[in-house]
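Reviewing the structure listed below.
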Amino acid sequence: MSKIKILVSYHDKHRLLKSDILTPIQTGSAMAKKRFTGMLQDDDGENISLKNPKYAELSAQYWAWKNYDKLGNPDYIGFMHYRRHFILANNFKPPVLDAPIENCYQIVYVKKMGRTYLQDIGLTDENIEREVPQYDCI
(Lines give C-alpha, C1' and ligand atoms only; values in the text may rest on other atoms or scores of the structure.)
Protein backbone atom coordinates (compact mmCIF):
# COMPACT_ATOMS: atom_id res chain seq x y z
CA MET A 1 0.00 0.00 0.00
CA SER A 2 1.21 3.48 -0.82
CA LYS A 3 2.26 5.83 1.93
CA ILE A 4 0.18 9.01 1.98
CA LYS A 5 0.43 12.05 4.27
CA ILE A 6 -1.92 15.00 4.24
CA LEU A 7 -0.69 17.86 6.41
CA VAL A 8 -3.56 19.71 8.09
CA SER A 9 -2.48 23.30 8.82
CA TYR A 10 -3.51 24.89 12.12
CA HIS A 11 -2.81 28.37 13.44
CA ASP A 12 -5.74 28.47 15.90
CA LYS A 13 -6.81 25.87 18.43
CA HIS A 14 -9.62 23.82 16.87
CA ARG A 15 -10.75 20.22 16.75
CA LEU A 16 -7.78 18.04 15.86
CA LEU A 17 -8.17 16.11 12.61
CA LYS A 18 -5.67 13.31 12.92
CA SER A 19 -5.19 9.78 11.58
CA ASP A 20 -2.42 7.69 10.06
CA ILE A 21 -2.76 9.91 6.97
CA LEU A 22 -4.14 13.21 8.30
CA THR A 23 -1.16 14.85 10.02
CA PRO A 24 -1.74 18.13 11.88
CA ILE A 25 0.94 20.82 11.76
CA GLN A 26 0.97 24.14 13.59
CA THR A 27 1.94 26.97 11.26
CA GLY A 28 3.76 30.04 12.54
CA SER A 29 5.04 28.01 15.50
CA ALA A 30 8.18 30.12 15.82
CA MET A 31 6.16 33.11 17.00
CA ALA A 32 3.12 31.40 18.52
CA LYS A 33 2.12 32.35 22.06
CA LYS A 34 1.10 28.74 22.62
CA ARG A 35 2.42 25.59 20.97
CA PHE A 36 -0.26 23.04 20.23
CA THR A 37 0.36 19.50 21.47
CA GLY A 38 -0.24 16.41 19.38
CA MET A 39 0.97 17.88 16.11
CA LEU A 40 4.04 18.80 14.10
CA GLN A 41 5.50 22.30 14.38
CA ASP A 42 6.60 24.23 11.29
CA ASP A 43 9.67 25.62 13.10
CA ASP A 44 11.32 22.21 13.47
CA GLY A 45 14.26 21.63 11.12
CA GLU A 46 14.73 23.87 8.08
CA ASN A 47 11.77 26.23 7.95
CA ILE A 48 10.23 29.62 7.20
CA SER A 49 7.98 29.66 10.27
CA LEU A 50 8.86 33.29 11.08
CA LYS A 51 7.60 34.28 7.62
CA ASN A 52 4.19 32.71 8.23
CA PRO A 53 2.37 36.09 8.42
CA LYS A 54 3.30 36.64 4.75
CA TYR A 55 2.99 33.06 3.52
CA ALA A 56 0.25 31.48 5.69
CA GLU A 57 -0.10 27.72 5.02
CA LEU A 58 2.85 27.81 2.65
CA SER A 59 5.09 27.65 5.72
CA ALA A 60 3.78 24.08 6.21
CA GLN A 61 4.41 23.25 2.56
CA TYR A 62 7.96 24.60 2.79
CA TRP A 63 8.48 22.60 5.98
CA ALA A 64 7.29 19.40 4.27
CA TRP A 65 9.60 20.03 1.30
CA LYS A 66 12.67 20.57 3.47
CA ASN A 67 11.84 17.95 6.14
CA TYR A 68 10.27 15.23 4.00
CA ASP A 69 12.10 12.47 5.86
CA LYS A 70 10.34 13.48 9.11
CA LEU A 71 7.08 12.49 7.43
CA GLY A 72 8.45 9.05 6.60
CA ASN A 73 9.14 9.85 2.91
CA PRO A 74 5.55 9.25 1.74
CA ASP A 75 4.74 8.39 -1.88
CA TYR A 76 2.01 11.06 -1.86
CA ILE A 77 1.75 14.28 0.10
CA GLY A 78 -1.16 16.66 0.40
CA PHE A 79 -2.18 19.76 2.27
CA MET A 80 -5.46 20.72 3.89
CA HIS A 81 -6.61 23.52 6.17
CA TYR A 82 -8.19 22.85 9.56
CA ARG A 83 -11.42 24.53 8.36
CA ARG A 84 -11.43 23.49 4.69
CA HIS A 85 -11.75 19.78 4.03
CA PHE A 86 -11.92 17.40 1.13
CA ILE A 87 -15.28 15.65 0.83
CA LEU A 88 -14.91 12.15 -0.58
CA ALA A 89 -18.43 10.93 0.24
CA ASN A 90 -20.79 11.04 -2.74
CA ASN A 91 -23.87 11.07 -0.51
CA PHE A 92 -22.90 13.85 1.94
CA LYS A 93 -25.78 16.36 1.98
CA PRO A 94 -25.59 18.86 4.84
CA PRO A 95 -28.25 21.56 5.21
CA VAL A 96 -27.68 24.49 2.86
CA LEU A 97 -26.64 27.52 4.90
CA ASP A 98 -25.75 30.02 2.14
CA ALA A 99 -27.12 28.83 -1.20
CA PRO A 100 -25.67 31.57 -3.47
CA ILE A 101 -22.15 31.14 -2.09
CA GLU A 102 -22.32 27.34 -1.89
CA ASN A 103 -23.64 27.01 -5.45
CA CYS A 104 -21.28 29.58 -6.93
CA TYR A 105 -18.09 28.23 -5.37
CA GLN A 106 -19.16 24.60 -4.92
CA ILE A 107 -18.41 24.73 -1.23
CA VAL A 108 -20.32 23.34 1.72
CA TYR A 109 -20.76 25.04 5.07
CA VAL A 110 -21.01 22.78 8.10
CA LYS A 111 -22.02 24.35 11.42
CA LYS A 112 -20.57 21.66 13.68
CA MET A 113 -18.23 18.72 13.25
CA GLY A 114 -19.76 15.87 15.23
CA ARG A 115 -18.13 12.63 16.35
CA THR A 116 -18.69 10.98 12.98
CA TYR A 117 -17.75 14.01 10.86
CA LEU A 118 -14.75 12.44 9.08
CA GLN A 119 -16.78 9.32 8.26
CA ASP A 120 -19.76 11.47 7.15
CA ILE A 121 -17.65 13.36 4.61
CA GLY A 122 -15.77 10.21 3.58
CA LEU A 123 -12.41 11.52 4.77
CA THR A 124 -11.24 8.19 6.14
CA ASP A 125 -7.81 6.65 5.61
CA GLU A 126 -9.42 3.86 3.56
CA ASN A 127 -11.14 6.30 1.19
CA ILE A 128 -8.02 8.44 0.87
CA GLU A 129 -5.88 5.38 0.08
CA ARG A 130 -8.40 4.35 -2.60
CA GLU A 131 -8.81 7.79 -4.21
CA VAL A 132 -5.36 9.41 -4.17
CA PRO A 133 -3.44 6.95 -6.42
CA GLN A 134 -6.01 7.47 -9.21
CA TYR A 135 -5.01 11.11 -9.78
CA ASP A 136 -1.94 13.23 -10.42
CA CYS A 137 -3.45 16.16 -8.55
CA ILE A 138 -6.57 16.62 -6.44
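The values are calculated or read from the model by the stated rules, or taken from the named source; none is laboratory data. Just so you know, these numbers come straight off a predicted model, no measurement behind them. All Cβ positions, glycine included, derive from the backbone under ideal geometry; neighbour counts span all protein chains shown. These accessible areas exclude ligands, DNA and RNA; they are computed on the full protein's heavy atoms, side chains included. Shrake-Rupley method; radii C 1.70, N 1.55, O 1.52, S 1.80 Å.
Quick notes on this one:
- Taking amide H as placed 1.01 Å from N in the peptide plane, the amide H of residue 43 sits under 5 Å from that of 29, 30, each at least 5 places away or on another chain.
- Of the solvent-accessible surface of the chain, computed with a 1.4 Å probe and all protein chains present, 51% belongs to carbon and sulfur.
- Dipole axis of the chain (+1 Lys, Arg; -1 Asp, Glu on Cβ), positive-most option in 108, 79, 128: 108
- Whole-Hz couplings from phi, Karplus 6.51/-1.76/1.60, listed for the stretch 52-65; x for Gly and Pro: 3, x, 8, 10, 6, 5, 5, 5, 6, 5, 4, 4, 5, 4
- Residue-wise HN-Hα coupling along the stretch 5-14, computed from phi with Karplus coefficients 6.51, -1.76, 1.60 (Hz; x: Gly, Pro): 10, 10, 6, 9, 7, 10, 10, 10, 7, 9
- Stretching residue 58 away from residue 137 to a fully extended chain increases their span by 26.7 nm, per 0.36 nm per residue minus the current alpha-carbon distance.
- Here's how it looks for residue 79: its modeled amide H is under 5 Å from those of 7, which are all 5 or more places away or on a different chain.
- Counting all C-alpha pairs of the stretch 34-138, share separated by more than 18 Å (%): 62 percent
- Per residue, the accessible area of the stretch 1-86 comes to 57 Å², computed with a 1.4 Å probe over protein heavy atoms only.
- Two-site FRET efficiency, residue 46 against residue 19, from Cβ-Cβ distance with R₀ of 22 Å, rounded to 0.05: 0.25
- Anchor residue 18: lysines whose Cα lies under 21 Å away (excluding residues fewer than 8 positions away in-chain): 3, 5, 34, 70, 111, 112
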